Amino acid sequence: MSPTPYVTFFHAPHSRSGGTRALFEELGVDYDMHVLNFKTGTQRDPEYLAINPMGKVPAIRHGEALITEQPAVMMYLADLYPEKGLAPSLTDPLRGPYLRWMVFYGSCFEPAVVDRSMKREPAAKSTSPYGGFEDVMALVRAQVDQGEWWLGDRFTAADVLWGTALNWTVGFGLVPETPAMRAYIDRVMARPAMARAAQKDKALAASQEG
Ligand SMILES: N[C@@H](CCC(=O)N[C@@H](CS)C(=O)NCC(=O)O)C(=O)O
C-alpha cells in the first residue's frame, strides 16, 4: 500500500534521476511523476526553481518535505517502504555498511570521477574529501569482488545506486572496467524492474526528441 500523500518525483530522462526511477520500479509502488525537459530547459523555470532551487534532478516531494541528492532520495524511499526490503533495518548489522556506501557515493565517488574527467589537479590526499582517485577505485573494485550484490547476498537500494552509477560511468569510460565490474553491472541491469525502467526512460527520452 502506498503511503498518503503520494510521493512526487521530479525526473528527466537520461539523467541522474534514472536510478530513482529504477528504484520506484523495484519498489513497485505508485507515485506522481513530474517530467522535466533538459532540451527546453524546464528545470530552470521559476516554477521548478521554487520547488528545488538547485534546478536539478532527482528530487522528490513528500508532504512538505523536499528531498534531493540521489543517495538521500534513495535512502528515503527505501525506508518509506520497509516492507519491500530494500534497506537494512536500523538493527540490521548491514545498516552501517549500507549508510556508508550510500554516502560514499556522493561524497567520494562522484567528486573523484568528476575531477578526473575534467582533468583537474586533485587536492592533496590528506585534504581531499576522497583521498585519491585510485584509492576510491580500489575500494569500489574490492566491493564489487566481494559478492553477488553490493552488500553481499542481498539486493538493496545500494545496488540500484551503484549499479546505475557504474553503468554510466563505465559506459562513458570514466571508470576503468574490470570483468567483475562488467558482470556486476550486467547482473543489476538484467533485473526485470531495472530493465523496465531503462525501457520506459528510453521511450520518454524519445518523446522529448519529437
Ligand atoms: N548532487 C546531485 C546532482 C544532480 C545532478 O547534477 N543532476 C543533473 C542531471 S544528471 C541535473 O539535474 N542537471 C540539470 C541542471 O543542472 O540544469 C545528485 O546526486 O542528485
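The values are calculated or read from the model by the stated rules, or taken from the named source; none is laboratory data. Keep in mind that what you see is a predicted model, and the values were worked out from it rather than measured. All Cβ positions, glycine included, derive from the backbone under ideal geometry; neighbour counts span all protein chains shown. Keep in mind that these areas ignore ligands, DNA and RNA; they rest on the heavy atoms of the full protein, side chains included. Shrake-Rupley method; radii C 1.70, N 1.55, O 1.52, S 1.80 Å.
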Note to self: Tally up the residues in segment 3-14 that are of a type outside the set (V, I, T) and open to solvent by 30 Å² or more (accessible area, probe 1.4 Å), please.
What the structure shows: 4
Next item on the list: Could you look through segment 166-184, keep only residues that are within 18 Å of E148 (Cβ to Cβ) and of a type outside the set (S, T, Y), and pick out the one that is surrounded by the most Cβ atoms within 10 Å (Cβ to Cβ)?
Entry: L166
Check: Taking the stated definitions as given, is A78 buried (at least 17 other Cβ atoms within 10 Å of the Cβ), small (G, A, S) and in contact (Cβ under 8 Å) with a residue 40 or more places away in the chain?
Finding: yes
Next item on the list: Determine, yes or no, whether Q143 is open to solvent by 70 Å² or more (accessible area, probe 1.4 Å), in a helix (DSSP H, G or I) and of a type outside the set (S, T, Y).
Entry: no
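If you take the residues of segment 111-132 that are in contact (Cβ under 8 Å) with a residue 40 or more places away in the chain and within 16 Å of the ligand (Cβ to nearest atom), which of them is farthest from T169 (Cα to Cα)?
Only one residue tops the list, namely S117.
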Next item on the list: Tell me, please, whether a residue that is within 27 Å of Y31 (Cα to Cα) and touching a His at 6+ places or on another chain (Cβ under 8 Å) can be found in segment 105-127.
Entry: no
Margin query: I need a count of the residues in segment 10-31 that are under 17 Å from Y81 (Cβ atoms), part of a helix (DSSP H, G or I) and not acidic (D, E).
Written below: 7
Checklist line | Selection within segment 124-140 - in contact with a Pro (Cβ under 8 Å, 6 or more places away or on another chain) and outside any helix (DSSP H, G or I) | finding: S128, P129, Y130, G132
Notebook entry, point to check: Across segment 1-45, what is the number of residues that are basic (K, R), more than 15 Å from A193 (Cα to Cα) and touching a residue at least 12 places away in the same chain (Cβ under 8 Å)?
Noted result: 2
Check: Cβ-Cβ below 8 Å, separation at least six or inter-chain, first residue in segment 53-69 and of a type in the set (S, T, N, Q), second open to solvent by 30 Å² or more (accessible area, probe 1.4 Å) and near the ligand (Cβ under 6 Å from one of its atoms): which pairs?
Finding: T68/K56
Notebook entry, point to check: Which condition number does Y98 fail, the rest of (1) within 13 Å of the ligand (Cβ to nearest atom); (2) surrounded by 15 or more Cβ atoms within 10 Å (Cβ to Cβ) being met?
Noted result: (1)
Notebook entry, point to check: Which of the residues that make up segment 33-57 are surrounded by 15 or more Cβ atoms within 10 Å (Cβ to Cβ), near the ligand (Cβ under 8 Å from one of its atoms) and farther than 18 Å from Q208 by Cα?
Noted result: G55
